[in-house]
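Q: After the structure tokens below, expect a handful of questions from me.
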Amino acid sequence: MTTTTLLASTVAALAVGAAAAFGIGSATALSLLTQAAIYALFATGVGLLLRQNGMVSFGHALWFGSSGYAVAILLQTHAVPAEVAVLLAIGGLALLAFVLALVIVRVPGVAFGMLTLAIGQMAFLTASRVRGLTGGADGMSLDWPATLFGASVSALTRPGPMLMVAWSALVLVLLALALLLRSRFGAITEAVRDNEERARFIGIRTMLPRAAVYALSAAVTATAGVLSALNTGFVSPESLHWSLSGVALMMVVVGGTRVLWGPALGAAIYFLAKDVLGDHAQHWMAIFGSALIVVIVFAPQGLSGILLRLAGKRRAAPAPDLHAHAETSHA
Amino acid sequence: MPDYVMQTEDVAIHYGGVKAVDGVELTLQRGEIRGLIGPNGAGKSTVIDAITGRRPLTRGKVHLGGEDVSALGPVQRRRKGLSRSFQRTSIFEQMPVRKQVELASWKMGTADPGADADDVLHELSLDTLADTTAADLGYGQQRRLDLALALVGKPSVLLLDEPMAGLSVKESLDLAQHLKALTARRGVSVLLVEHDMDVVFGISDAVTVFELGRVIAAGSPAEVRRDPRVREAYLGSAA
């Protein structure tokens, strides 16, 4: 995809988001779509780590929940304006993730996943027990000011505008990542993922790119966490729980990581399934789990992989023989 | 300026009491292809690891164009023109062919990595596969891509560790022809570790024979073929 096509797709996606945000009348539908967009961003963060580093995190809720808590605590203390609190939360957590990654990305395979799980659960337990700071198991409300980045918070958090904000964040993050990964940085991280020894031999320092991808992935997930906190006005230890990391990982597996938008597609499918199946079955997750097994077995590259394959076949298919068709029609 | 491009001086790698390589003296002349043969476990790959800095030397020195590079790491040696391929195909499987060759060239500090990559891909007849993902290539093509990654940045010395391993006879001959042609065109010197004797004796200007970590013979292919020690230790009556 050329840069022009990429930019045109971004504009089109933003237009679709605006049409949905201001065209859909149902507040329930808007709320569901907003949640889907926020979780799509969360899954994009998890997917980025898998796509560029080949690493599976079972504890990315750490960054999702921590960003909400960081903003909530900063707002409670009135130490900085809300805009600075938001930027500090995302930037600070990205920095923390980078430092942490310098240690944990050295651990290979399943052990890395277990390490992320342990760190995530440590944060969950801390948030649950430090009642004075986090509200403990009850969580804490966010004391948003009247305006945020020049917009009225009460207007911003209405269903339509909130969907527009979440959707725009998702689209713009995907655009930024697509542009970044086309650069040398993208090529370097792919090289390290594919063959670390060869990458080292051609002069790539393999630890820093891995840590940078982890930090970037944490920043994307933290952005989703801030949006969730804005959407609900509340943050609780559940936002740090490993089960949430598991849900994001399921979205990634369903959507696939061959393309950047794969995990977002997985999130859309997840919320669609939740809405449709949830109306008919109490244990809809069991049905979704079965579908997940089918995807893993028959389409390990996820639904985006299937779509790409179908698109490739369509492109590769010979042009229809119009002459033959005309003859058939005449007959 | 010395005549040689690469020289080892009393190189040894010992693992406790085991002398994997001991007292190896190797000289590679400018534009020369030197075959390095010997039975399995003779220390051929270990010598390549020693020259490229992948394994620390127990004793000895490695000179590149007159400069002692023994204290440098593999990447610094690569930037000084000492390149290698690996025994097992070592490519970036999920990346398109040209993208990875250009990346390798860029990391070597080449002024125009794109042109360098195109040049190398053309020489190895991979230019028509530039946009293909490496995993989708045939094995012979992957071996050539491996060679392409070693060739970017115009190295002066190329150490090839069994580049024909796993190739069919036709693919081996094809790669051997490419190797001979690009050595002449680029003026690169090649140290070729290979078990395919037809290839080694077919394209080498000189051959060195290893046994138990030591050089037992060296000379022109014809001289080496006639050497009774080599016939006894390695080539046997088939030679």
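Q: What does the structure give for B:103-116 when I average, per residue, the other chain Cβ atoms found within 10 Å of the residue Cβ?
A: On the way: counts 10, 8, 1, 5, 9, 2, 1, 0, 0, 0, 1, 0, 0, 0.
Neighbouring Cβ atoms belonging to other protein chains average 3 per residue here.
Q: What whole-number distance in Å separates the alpha-carbon centres of region A:131-197 and region B:60-132?
A: 39
Q: Please give the calculated 222 nm ellipticity per residue for the protein assembly as shown, where each DSSP H segment of at least 4 residues contributes -39500 (n - 2.57) and the sum is spread over every residue; nearest 500 deg cm²/dmol? Could the numbers behind the result be given before it?
A: Values: 24 runs with 337 residues, N = 570.
Mean residue ellipticity, 222 nm, calculated: -19000 deg cm²/dmol.
Q: Next question, about the same structure. Against the longest principal axis of chain A, how steep is helix A:61-77, in degrees 0 to 90 to the nearest 10, with axes from Cα atoms?
A: Helix A:61-77 sits at roughly 40 degrees to that axis.
Q: Now, a different point. If you fit an axis through the alpha-carbon atoms of helix A:302-316 and take the longest principal axis of the Cα set of chain A, what angle between them do you get, 0 to 90°, nearest 10?
A: 30
Q: Follow-up question, since we're still on this one. Count, for each residue of B:86-94, the Cβ atoms from other chains sitting within 10 Å of its Cβ, then give me the mean as a whole number. Don't skip to the answer; put the middle values down first.
A: Details: counts 4, 0, 0, 2, 6, 4, 10, 4, 8.
The shielding value for this peptide is 4.
Q: Counting just the Cα atoms, what span does region A:39-133 cover along each of its three principal axes? Round to the nearest Å and put the largest first.
A: 42, 27, 25
Q: Here's another thing I want to ask about it. Which order do A:HIS78, B:HIS178, B:HIS195 fall in if you start with the one that has the fewest other Cβ atoms within 10 Å?
A: Values: A:HIS78 11, B:HIS178 17, B:HIS195 14.
Starting with the residue having the fewest Cβ neighbours, the order is A:HIS78, B:HIS195, B:HIS178.
Q: Find the centroid of the Cα atoms in region B:149-182 and in region A:22-49, then give the distance between the two in whole Å.
A: 52
Q: Would you work out which of A:PRO108, B:VAL5, B:ALA148 lies farthest towards the positive end of the dipole of the protein assembly as shown, given +1 charges on the beta-carbon of Lys and Arg and -1 on that of Asp and Glu, about the Cα centre?
A: So the residue we want is A:PRO108.
Q: Hey, what does the equivalent ellipsoid look like for region B:90-154, semi-axes from the Cα gyration tensor as sqrt of 5 times each eigenvalue, largest first, whole Å? Working shown, then result.
A: Values: eigenvalues 61, 24, 20 Å².
Taking √(5λ) for each eigenvalue gives 17, 11, 10 Å, largest first.
Q: Right, next: I need the Kirkwood Rh of region B:46-107: take the reciprocal of the average 1/r across all distinct C-alpha pairs and report it in angstrom. Walk me through the intermediate numbers first.
A: On the way: mean 1/r = 0.0762 Å⁻¹.
Hydrodynamic radius (Kirkwood, Cα pairs) of region B:46-107 is 13.1 Å.
Q: May I ask which of B:LYS99/B:LYS154; B:LYS154/B:LYS180; B:LYS44/B:LYS107 have a Cα-Cα span longer than 25 Å here?
A: On the way: B:LYS99/B:LYS154 18 Å; B:LYS154/B:LYS180 16 Å; B:LYS44/B:LYS107 28 Å.
Listed pairs above 25 Å: B:LYS44/B:LYS107.
Q: Follow-up. Can you tell me what the convex hull of the Cα atoms of chain B projects to on average, as an area in nm²? List each step's numbers first, then the result.
A: Working: hull surface 50.7 nm².
About 12.7 nm², averaged over all directions.
Q: Okay, next question. Sorted by average packing, counted as other Cβ atoms within 10 angstrom per residue and highest first, what order do A:215-226, A:5-16, B:16-27 take?
A: On the way: A:215-226: 27.7, A:5-16: 13.4, B:16-27: 15.9.
So the order, starting with the most tightly packed, is A:215-226, B:16-27, A:5-16.
Q: A follow-up question, please. Starting from the amide H of B:GLY31, placed 1.01 Å from N in the peptide plane, find each other amide H under 5 Å away whose residue is 5 or more places distant or on another chain.
A: So B:GLY31 has HN proximity to B:SER189.
Q: Which residue, B:VAL199, B:VAL152, B:VAL101, has the most motion in a Gaussian network model of chain B that connects Cα atoms within less than 10 Å?
A: Between B:VAL199, B:VAL152, B:VAL101, it is B:VAL199 that shows the largest mean-square fluctuation.
Q: Another one. Any idea how far the Cα center of region A:207-251 sits from the one of region A:102-126, in Å?
A: 14
Q: Rounded to the nearest 5, what % of the DSSP beta bridges within the protein assembly as shown are antiparallel ones?
A: On the way: 25 of 41 bridges.
Close to 60 percent.
Q: Each residue of region B:185-193 in turn: what ³J(HN,Hα) in whole Hz from Karplus with 6.51, -1.76, 1.60 and θ = phi - 60°, glycine and Pro shown as x?
A: These are the phi-based 3J(HN,Hα) values: 5, 8, x, 7, 9, 10, 9, 10, 8 Hz.
Q: Right, another one. To make sure I understand, if each residue's beta carbon is the centre and we count other beta carbons within 10 Å, what order do A:ILE296, B:ILE51, B:ILE33 fall in, fewest to most? Can you show the working numbers first?
A: Details: A:ILE296 12, B:ILE51 27, B:ILE33 24.
So the residues, fewest neighbours to most, are A:ILE296, B:ILE33, B:ILE51.
Q: In addition: Please report, in debye to the nearest 20, how large the charge dipole of region B:90-154 is about its Cα centre when each Lys and Arg carries +1 at its beta carbon and each Asp and Glu carries -1 there. Please list the in-between numbers first.
A: Values: 6 positive and 11 negative charges, 42 e Å.
For this selection, approximately 200 debye.
Q: With the convex hull built on the Cα atoms of the protein assembly as shown, state its orientation-averaged projected area in nm². Walk me through the intermediate numbers first.
A: Numbers: hull surface 147.7 nm².
Across all orientations, the protein assembly as shown yields a mean hull projection of 36.9 nm².
Q: Once you keep just the Cα pairs under 8 angstrom separated by 6 or more residues, what percentage relative contact order results for region B:90-154?
A: On the way: 77 pairs, mean separation 31.2, N = 65.
Averaging sequence separation for qualifying contacts and normalising by length gives 48 percent for region B:90-154.
Q: Let me ask something else about it. Expressed in nm², what is the orientationally averaged projection area of the convex hull enclosing the Cα positions of chain A?
A: Numbers: hull surface 87.6 nm².
So the mean shadow area of the Cα hull is 21.9 nm².
Q: In peptide A:201-208, what is the residue-averaged number of other protein chain Cβ atoms found within 10 Å of each Cβ?
A: Details: counts 13, 17, 12, 4, 1, 0, 0, 0.
If you average over the peptide's residues, the count of other-chain Cβ atoms is 6.
Read-outs throughout are calculated quantities, based only on the coordinates presented, and are distinct from any laboratory measurement. Nothing here was measured: the structure is a model prediction, and the numbers come from that model. Methodologically, a virtual Cβ is constructed for each residue, glycine included, from the backbone with ideal geometry; neighbour enumeration extends over all protein chains shown.
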